[in-house]
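What follows is a set of notes on a single structure, which appears directly below.
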Amino acid sequence: MRLVPPVLRVRTYREIWLGSLASNGGTWLQIVAAGFLIWELTGSALAVGFLAVTARGPSVVLAPLAGQLADRFDRRRLAVVAFTAQSVAASALALTAALGALSVPVIYVLSTILWSGFALGLPSMLALIPLLVPREHFSQAVTVNAAGINVARLIGPAIGGVVLALAGPAWCFGVNAASYWVLIAALIRAGAPPAPAPKQRATVRDGLRYAMADVALRRLLLGMAVFTTFAAVIQELAPVINGRLDGGAVELGALLSAMGGGGVVGAVIYERLRGIGVGASTLLPTASAVFALGLFLIAVSPWVWLTLPVMGFCGAFWIWLFSGTNTSIQLRSSRDYVGRMLGFYQLAVVGGIGLGSLVAGAVAARIGIAQTLAIWAAILLAWGLWSFVNRVPEIDEPSAENTIPAGPGAAT
């Protein structure tokens, strides 16, 4: 990948990418503050794990519907509505914190509302990418998008830890509320990109049949669900891991930032490997197995300073899974189904994160976080090795039905 990827020369994509960077950075301030507050108020790993459920649970219910909407209506307008709802919920959290009325139930309820907006908007945002860039830059656009998420993960938690320590949670929530409007403005300025004709009969059931009939889509969705179930514990239970290492707000932000920094490096490596012909069918199971080794090292690490580089190591392979799976699903899906396939992708991600974090929190409350991480690492390693031995070559083959439009491609 070049220092400035060619895809960023496409003005509309560049502006929306920068807006997403600001929005994702603000979201990390929210995540740091909410997780730290729950841990401080309860001291319970289970309570922190349940925060992941309130955050991800809406997507389990709404992701298939969101994918259906993305195939039927204007994706840009859907995204604007969704991000506006998130900003309102974040503003309510900021106001509640400023008034000193924050409690565990309040955090749970407002987090659920905020992440409901996320659930409804994500498939539309992901499905916008092929409409904004030339076809030859599509894979790079997805990778750059994932890299931007990890740049936000690098910067956002570090800023969040400092802001939380110096100014308090109200400021973290307030900055997050404002950050959504940077992306909303970019979407409004973009106008309406060319979009598929609305499919009034585009149903979730039809989309599910389409996904299950394709061996590559089945493996991609299953692989994503397994990975997030056993890998996301280091992100969602980071406050518990940080507490075990006697860290404070700044240390928590540093741990999450390290993961984001590793993701930026991982995006560059992934793009170069794809450029020399290494297929996603090989890279995805490799990433699962190698990530598991990092997860085990975090389980046995006794110090924050030793855990930081391992979090970065894990972040590098985290992005391989997300970028590779996202790209492969879109290339494998026909134009009429891409929104629903991304809805199922979102369901695999958030369902895995929510379920895995809740169970891990409950297990950690009984046997300890270190032991829980070690068990999760062993299961993920077994999956990675099995899926490597039983690779699905079709993952590397775009569907004959794929009709991703060329996009505007106006480099400015």
| message | So if I check each of L331, L321, which one is under 16 Å from V142 (Cβ atoms), in contact (Cβ under 8 Å) with a residue 24 or more places away in the chain and out of contact with any helix residue (DSSP H, G or I) (no Cβ under 6 Å at 6 or more places or on another chain)? | response | L331
| message | Considering only residues that are part of a helix (DSSP H, G or I) and either crowded, with 21+ Cβ neighbours inside 10 Å or without any contact (Cβ under 8 Å) to a residue 60 or more places away in the chain (or both), which ones fall in the stretch 1-13? | response | V7, T12, Y13
| message | Can you find a residue that is farther than 30 Å from L164 by Cβ and modelled with pLDDT of 85 or more anywhere in the stretch 225-237? | response | yes
| task | Give the residue, chosen from A287, A225, that is touching a Phe, Trp or Tyr at 6+ places or on another chain (Cβ under 6 Å), over 21 Å from V32 (Cβ atoms) and of a type in the set (G, A, S). | result | A287
| request: Take R56 and decide whether it is in a helix (DSSP H, G or I), over 16 Å from V182 (Cα atoms) and of a type in the set (D, E, K, R). | output: yes
| message | Here is a check on your reading of the model: is A289 of a type in the set (G, A, S), farther than 19 Å from N242 by Cα and assigned to a helix (DSSP H, G or I)? | response | yes
| said: Please count how many residues of the stretch 257-293 are without any contact (Cβ under 8 Å) to a residue 24 or more places away in the chain and touching a helix residue (DSSP H, G or I) at 6+ places or on another chain (Cβ under 7 Å). | reply: 1
| task | Test E236 against the stated conditions and say whether it is of a type in the set (D, E), surrounded by fewer than 24 Cβ atoms within 10 Å (Cβ to Cβ) and within 25 Å of A34 (Cα to Cα). | result | no
| Any idea which of (1) assigned to a loop (DSSP other than H, G, I, E, B); (2) surrounded by 24 or more Cβ atoms within 10 Å (Cβ to Cβ) is the one P302 doesn't satisfy? | (2)
| said: When you check N145 against the structure, is it at pLDDT below 85, closer than 21 Å to S23 by Cα, surrounded by 19 or more Cβ atoms within 10 Å (Cβ to Cβ) and among the polar types (S, T, N, Q), yes or no? | reply: yes
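Here is a yes/no grid of residues against (1) among the hydrophobic types (A, V, I, L, M, F, W, C); (2) in a helix (DSSP H, G or I); (3) crowded, with 16+ Cβ neighbours inside 10 Å:
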{"residue": "L62", "(1), (2), (3)": "yes, yes, yes"}
{"residue": "Q68", "(1), (2), (3)": "no, yes, yes"}
{"residue": "A97", "(1), (2), (3)": "yes, yes, yes"}
{"residue": "G100", "(1), (2), (3)": "no, no, no"}
{"residue": "P105", "(1), (2), (3)": "no, yes, no"}
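Going by what's in this entry, would G262 be described as crowded, with 24+ Cβ neighbours inside 10 Å and either at pLDDT 85 or above or part of a helix (DSSP H, G or I) (or both)? If you could, list the steps in order and put the result at the bottom.
Values: crowded, with 24+ Cβ neighbours inside 10 Å: yes; either at pLDDT 85 or above or part of a helix (DSSP H, G or I) (or both): yes.
So G262 passes the test.
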| field | All positions within the stretch 131-140 that are under 25 Å from P64 (Cα atoms) and crowded, with 24+ Cβ neighbours inside 10 Å | value | L132
| field | Residue tally, condition among the charged types (D, E, K, R) and either at pLDDT 85 or above or over 22 Å from M125 (Cα atoms) (or both), over the stretch 15-59 | value | 2
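The values are calculated or read from the model by the stated rules, or taken from the named source; none is laboratory data. What you are looking at is a predicted structure, and each value in this text was computed from that prediction instead of being measured. Virtual Cβ from ideal backbone geometry, glycine too; neighbours counted across all protein chains shown.
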